[in-house]
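A short write-up of the structure that comes next.
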Amino acid sequence: MEDWSARQYLKFEDERTRPPRDLLAQVPLAKPRLVVDLGCGPGNSTELLLERFPQAQVIGLDSSPDMLRKAHDRLPTCKFVQGDIATWTPEPGTDLIFGNAVMQWLPDHPTIMRRLLGAMPDGGVLAIQMPDNTREPGLVFQREVGESGPWRDHPEIKAAPREDLPPPEAYYDLLKPVCRAIDIWHIVYNHVMASPLAITEWFKGSSLQPFLSPLDAAAREQFLAAYTEKIVSAYKPRFDGKVLLRFPRLFIIAVR
């Protein structure tokens with residue numbers, strides 16, 4: 001898959017930064033020494049961590065060169081590292097591993113979460129937030145368009161849809177044996193979008209990327225046109241012409 005676009009992602013920076021802010025508010029740490037922002041993206045979540053824990057060493061980790069460039073431009077004194085979360089191991093003494101909207105992209109991510117938590121010291125915190133929206137129209141339509149167009153037999157298109165997250169009970173049973181406390185909850189956001197077209201723009205910066213990346217320019221436009229047609233039919237304008245994007249997210253905080 002081609003690189004992620006920090007510019008596209010940040011078109012909705014305020015809305016995308018609200019979930020990591022809500023996650024961070026529940027982290028039960030006062031003065032962590034070493035904090036890692038997994039899948040730091042363009043640095044919006046990293047900036048929150050620096051503000052909350054000014055005494056800590058904060059490291060941002062991401063696989064995307066474009067995201068890391070944007071993050072470094074935003075926070076030039078912060079350390080950013082390119083790496084693969086699936087194989088990454090925290091340094092000894094890592095007090096907080098913070099993962100905002102990244103674990104859902106990884107195959108068998110619950111096992112990775114347990115491995116990371118098990119590698120942390122006593123009192124260390126794993127804080128994770130993931131979109132839990134695979135049954136919402138915005139993502140259902142991505143699968144439908146992917147299965148119906150001329151690209152439907154493309155192996156990367158077939159593999160593009162995200163699977164549903166496991167239920168909270170599954171995370172609890174997997175993580176609780178290696179931690180002393182765990183908190184799991186959902187928040188459903190209703191983001192105010194300027195129009196249905198803005199919803200397409202939102203997902204172009206996230207879950208549409210695996211569908212669009214394998215296609216040439218003409219096919220991308222065809223895919224986006226078919227997708228946007230479905231979006232317009234499902235997301236009706238409110239009295240002021242704006243639309244609400246319903247967006248459920250799952251939050252997990254585990255204390256080693």
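Within the stretch 24-74, being buried (at least 20 other Cβ atoms within 10 Å of the Cβ), over 14 Å from Asn100 (Cβ atoms) and in contact with a helix residue (DSSP H, G or I) (Cβ under 6 Å, 6 or more places away or on another chain) holds for one residue alone: Lys70.
Here the stretch 237-256 is the region considered, the condition is being in a loop (DSSP other than H, G, I, E, B) and charged (D, E, K, R), and the residue that is farthest from the chain's Cα centre (by Cα) is Asp240. Of the residues making up the stretch 134-181, those that are closer than 30 Å to Gly124 by Cβ and small (Gly, Ala, Ser) are Ala170, Ala181.
Scanning the stretch 69-87 for residues that are farther than 28 Å from Ile187 by Cβ and part of a helix (DSSP H, G or I) yields Arg69, His72, Asp73. With the condition kept exactly as written, say whether any residue in the stretch 212-223 is in contact (Cβ under 8 Å) with a residue 40 or more places away in the chain, surrounded by fewer than 17 Cβ atoms within 10 Å (Cβ to Cβ), polar (S, T, N, Q) and in contact with an Asp or Glu (Cβ under 8 Å, 6 or more places away or on another chain). Scanning the stretch 212-223, I find at least one residue that is in contact (Cβ under 8 Å) with a residue 40 or more places away in the chain, surrounded by fewer than 17 Cβ atoms within 10 Å (Cβ to Cβ), polar (S, T, N, Q) and in contact with an Asp or Glu (Cβ under 8 Å, 6 or more places away or on another chain), so the answer is yes.
For every residue, the table says whether it meets (1) within 27 Å of Asp14 (Cα to Cα); (2) in contact with a Leu (Cβ under 9 Å, 6 or more places away or on another chain).
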residue	(1), (2)
Lys158	no, no
Cys179	no, yes
Val188	yes, no
Ala217	no, no
Tyr227	yes, yes
Ile253	yes, yes
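Residues that are hydrophobic (A, V, I, L, M, F, W, C), out of contact with any His (no Cβ under 9 Å at 6 or more places or on another chain) and assigned to a loop (DSSP other than H, G, I, E, B) within the stretch 190-236 comprise Ala194, Leu208, listed in sequence order.
The set of residues from the stretch 152-193 being under 17 Å from the mean Cα position of the chain (by Cα), among the aliphatic types (A, V, I, L, M), surrounded by 12 or more Cβ atoms within 10 Å (Cβ to Cβ) and farther than 15 Å from Ala254 by Cβ comprises Ala160, Leu165, Ile187.
Would a scan of the stretch 104-127 turn up a residue that is assigned to a helix (DSSP H, G or I), among the hydroxyl-bearing types (Ser, Thr, Tyr), modelled with pLDDT of 95 or more and under 18 Å from the mean Cα position of the chain (by Cα)? Taking every residue of the stretch 104-127 in turn, at least one turns out to be assigned to a helix (DSSP H, G or I), among the hydroxyl-bearing types (Ser, Thr, Tyr), modelled with pLDDT of 95 or more and under 18 Å from the mean Cα position of the chain (by Cα).
Selection of the stretch 40-59 for residues being in a loop (DSSP other than H, G, I, E, B), among the small types (Gly, Ala, Ser) and modelled with pLDDT under 95 yields Gly41, Gly43.
Looking only at the stretch 159-174, decide whether some residue is more than 28 Å from Arg21 (Cα to Cα), without any contact (Cβ under 8 Å) to a residue 60 or more places away in the chain and out of contact with any helix residue (DSSP H, G or I) (no Cβ under 9 Å at 6 or more places or on another chain). No: the stretch 159-174 contains no residue that is more than 28 Å from Arg21 (Cα to Cα), without any contact (Cβ under 8 Å) to a residue 60 or more places away in the chain and out of contact with any helix residue (DSSP H, G or I) (no Cβ under 9 Å at 6 or more places or on another chain).
The listed residues are Arg143, Arg256, Arg238, and the only one of them that is within 24 Å of Leu96 (Cα to Cα) and of a type in the set (D, E, K, R) turns out to be Arg256. Would you confirm whether any residue within the stretch 88-96 is touching a residue at least 24 places away in the same chain (Cβ under 8 Å), in a strand (DSSP E or B) and among the small types (Gly, Ala, Ser)? Checking the stretch 88-96: not a single residue is touching a residue at least 24 places away in the same chain (Cβ under 8 Å), in a strand (DSSP E or B) and among the small types (Gly, Ala, Ser).
The values are calculated or read from the model by the stated rules, or taken from the named source; none is laboratory data. What you are looking at is a predicted structure, and each value in this text was computed from that prediction instead of being measured. Ideal geometry is used to build each Cβ from the backbone, glycine not excepted, and the neighbour counts take in all protein chains shown.
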